[in-house]
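Report on the following structure.
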Amino acid sequence: MRFFSKLIKPLLALAAAGMVLAQQGCSKEPAAPAPKEEPAAQARKPGEGPRVVTLSVTEKGYEPSPLTLKKDEPVKLVVTRKTDQTCATEIIMKDYGINTPLPLDTPVEIAFTPNKTGTLTYGCAMGQMISGVFMVE
Ligand SMILES: [Cu+2]
């Protein structure tokens, strides 16, 4: 039944593509371009690791928020999504090209260095409807 299989295969491919689209849920925005490596961490003294910042995603959103960060101080975010009840299944930080999926109950490490002072907002893909804030000083 070669004819039959020729007909079915594209249909299966279409169905699979449809499922992938459906699973993306609120992340309708195109993915941010790949992050460019910033040389900001160069001035770091040897032996000094990044500041580790632990975030959770709960029913209330990203916690804790707001948090204060220092300009030019490398940060390692460790983000754990602890709920399936919201659409915040990833963390998006447009200014730094961050667009990282957050698997349930799995700590995800994200490194970045804030390079300007002020309010830095991050959030879910849907226009950051669910969001958190860093105050960079
Ligand atoms: Cu959303």
> Fully extended, how many nm does the chain gain between THR83 and SER65 (0.36 nm per residue separation, minus their Cα-Cα distance)?
Replying inline: 4.8 nm
> How many percent of Cα pairs in the range 48-136 exceed 16 Å?
Replying inline: 48
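Taken together, the values in this text are just the output of simple stated rules run on the coordinates, not laboratory data. Not measured: the values here are computed from a predicted model.
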